[in-house]
Amino acid sequence: MNTLMMARKFRAMNKPLLLVMLALSLFGIYAIYSATWMRDTPFWSSQIRWMLICIPVFFLVAFNDYQWVRIGAIPLYIISVIMLILVFFIGVKVFGARSWLNLGFGNFQPSQMAIFAGVLLFGLFLSDSEAMHPALRILICLGITAIPCVLILVQPYLGGTLVWMPVLFAMLFVAGVQVRYLATMILVGIAFMPLVVNFGLKPYQKDRILIFLDPSLDPQGAGWTINQSLNAIGSAGFWGKGFKAPNTLNELGYLPSTIVHTDFIYSVFGEQHGFFGAILLISAFAILLASGLHVAIQAQDMLGRLLAIGIVMLLFTHVFMNIGMTVAVTPITGLPLPLVSYGGSFLLITMACLGLLQSIWIHRKLVY
């Protein structure tokens, strides 16, 4: 690809999507620093190093026609499944879950790559199977979902499995699967839920569900984190306590230092910047997601439309579940906040997803 073509494609980018992505990425570095500045931890500088890797990946995916998915979706899915299997043999155990592979320059979480590959494979299959019976389309998609989800659940990483169903449901709906089949899919899922809870979850994961239903249970144990998160956000007022404000719950250690820069970064941000800051952050995500929906509407074919919807739902699920768990709207799942939470592998996959959105936008018309 020559320089002139790259310049034309850059000018053709979806500018709101690009600007909000960059703004949230830079804000993420600030948020990580503000959550950890009182401790001798290099997380914010490590996030910068990951960004230097992720930005080229974003442009690489954006400038290449997304039709490469027709060739690359299946190999990428197979590679992600192999990596999920390797986790059990050479994986790194963090906080009780063996979910990471050490790549030398950092840890990588294969479950993040798996859901990205899943979106690609769903899009490829659903765009080419419109003549197939809806029930068979659903069963094949569930088969695609089952292998990585079982491997992720065994790690155990419950959050990594929860994102699959909303993504699949949205893509099936856009693919034209009738509502009665989707409703049946939901009812069957609800029917099997007790089996999943009783036999598929670890005791601490069951405790998280109980604490979600009643945060007052075990306030000094399993309910400690969510109660302190509610106290931090609730005590911030409209403007918040300010950056590096003294005697915050984060600074005093009431919010566990192991998760304030990852899963509960919104709790720290809410305490520092209050309701006003929360509205700004949520508005930025709303613009990002709305831009993604606009890309889906303008896509030139069903493949592009399905990929865009899958990515938007993937990002929405992470935003909703992450912010929701800090304010006791959803159970604690360990899902990071896109572009804001610390984590190199998730940042890489998020940038790849946003690059794919840009590719769908750029190539909706011939720009050559």
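Would you kindly derive the ³J(HN,Hα) couplings of the range 119-131 from the backbone phi angles with the Karplus curve 6.51 cos²θ - 1.76 cosθ + 1.60 (θ = phi - 60°), listing them in order in whole Hz, with x for Gly and Pro?
After applying 6.51 cos²θ - 1.76 cosθ + 1.60, I find 4, 4, 6, 4, x, 5, 5, 5, 6, 10, 10, 4, 7 Hz.
Per q in 0.16, 0.20, 0.25, 0.27 Å⁻¹, report the Debye log10 I(q)/I(0) for the range 1-72, using one uniform scatterer on each alpha carbon and no solvent.
These q points yield log10 I(q)/I(0) values of -0.72, -0.92, -1.14, -1.22.
Give me the percent of the accessible area of the range 236-368 that comes from carbon and sulfur atoms, probe 1.4 Å, all protein chains in place.
Using a 1.4 Å probe with all protein chains present, the range 236-368 comes out at 70 percent carbon and sulfur.
Can you tell me, using C-alpha contacts under 8 Å and at least 6 residues apart, the relative contact order of the range 1-143 as a whole percent?
Normalised by residue count, the contact order of the range 1-143 is 15 percent.
Specify the residue with the greatest mean-square fluctuation among N102, N250, N227, computed from a Gaussian network of the chain linking alpha-carbon atoms under 10 Å apart.
Most flexible of the set in this elastic network: N102.
I78 to S257: FRET efficiency via 1/(1 + (r/R0)^6), r the Cβ-Cβ distance, R0 41 Å, to the nearest 0.05?
Plugging the Cβ-Cβ distance into 1/(1 + (r/R0)^6) gives 0.60.
Can you tell me the mean projection area, over all orientations, of the convex hull of the range 32-190's alpha carbons? Units nm², please.
Value for the range 32-190: 11.8 nm².
If you look at just the Cα atoms of the range 257-368, how large are its Rg and its Dmax in Å?
When restricted to Cα atoms, the range 257-368 yields Rg and Dmax of 15.5, 50 Å.
Identify all lysines with a Cα-Cα distance to K15 below 30 Å; exclude those on the same chain that are fewer than 8 residues away in sequence.
Cross-link targets: K365.
Say R0 is 41 Å: what FRET efficiency, to the nearest 0.05, do L195 and T3 get from their beta-carbon distance?
0.10
Which entry in (i) -0.52, -0.64, -0.78; (ii) -0.69, -0.76, -0.86; (iii) -0.59, -0.73, -0.88 matches log10 I(q)/I(0) by the Debye sum over Cα atoms at q = 0.09, 0.10, 0.11 Å⁻¹ derived from the coordinates of this structure?
Computing log10 I(q)/I(0) by the Debye sum over Cα atoms at q = 0.09, 0.10, 0.11 Å⁻¹ and matching it to (i) -0.52, -0.64, -0.78; (ii) -0.69, -0.76, -0.86; (iii) -0.59, -0.73, -0.88 gives (i).
Sticking with the crude label model, points 7 Å out along Cα→Cβ, report the distance from L293 to L230 in nm, one decimal please.
Inter-label distance under the simple model: 3.0 nm.
Which Cα, out of W164, L210, S283, lies furthest along the positive dipole direction of the range 132-284 (beta carbon charges, K/R +1, D/E -1)?
Going by the Cα projections, it comes out as W164.
Percent of accessible area on the range 1-142 owned by carbon and sulfur, 1.4 Å probe?
Of the solvent-accessible surface of the range 1-142, carbon and sulfur hold 73 percent.
Each label point is 7 Å from the Cα along the Cα-to-Cβ direction; what then is the distance between the points at V57 and D301, in nm?
For V57 paired with D301, the spin-label model returns 2.6 nm.
Give me the compactness ratio for the range 184-294, meaning the Cα radius of gyration over 2.2 N^0.38 Å.
With N residues counted in the range 184-294, Rg over 2.2 N^0.38 Å equals 1.34.
Specify the residue with the greatest mean-square fluctuation among H273, H318, H133, computed from a Gaussian network of the chain linking alpha-carbon atoms under 10 Å apart.
Fluctuation is largest for H133.
Determine the gain in length on full extension of the stretch V150-M165; use 0.36 nm per residue of separation and subtract their C-alpha separation, reporting nm with one decimal.
That works out to 4.1 nm of additional length.
What full-extension length gain, to one decimal in nm, is calculated for F173 and M38 as 0.36 nm per residue of separation minus the Cα-Cα distance?
43.9 nm
What accessible area per residue comes out for the chain, rounded to a whole number of Å², with a 1.4 Å probe?
Accessible area per residue: 44 Å².
At T184 and I282, where each label point lies 7 Å from the Cα along Cα→Cβ, what is the point-to-point distance in nanometres?
It works out to 3.8 nm between the two label points.
The values are calculated or read from the model by the stated rules, or taken from the named source; none is laboratory data. Note that the structure is a prediction, hence the values are computed from the model and not measured. Note that each Cβ is placed from the backbone with ideal geometry, even for glycine, and that neighbours are counted across all protein chains shown. Heads up: the accessible areas ignore ligands, DNA and RNA and are worked out on the full protein's heavy atoms, side chains in. Shrake-Rupley method; radii C 1.70, N 1.55, O 1.52, S 1.80 Å.
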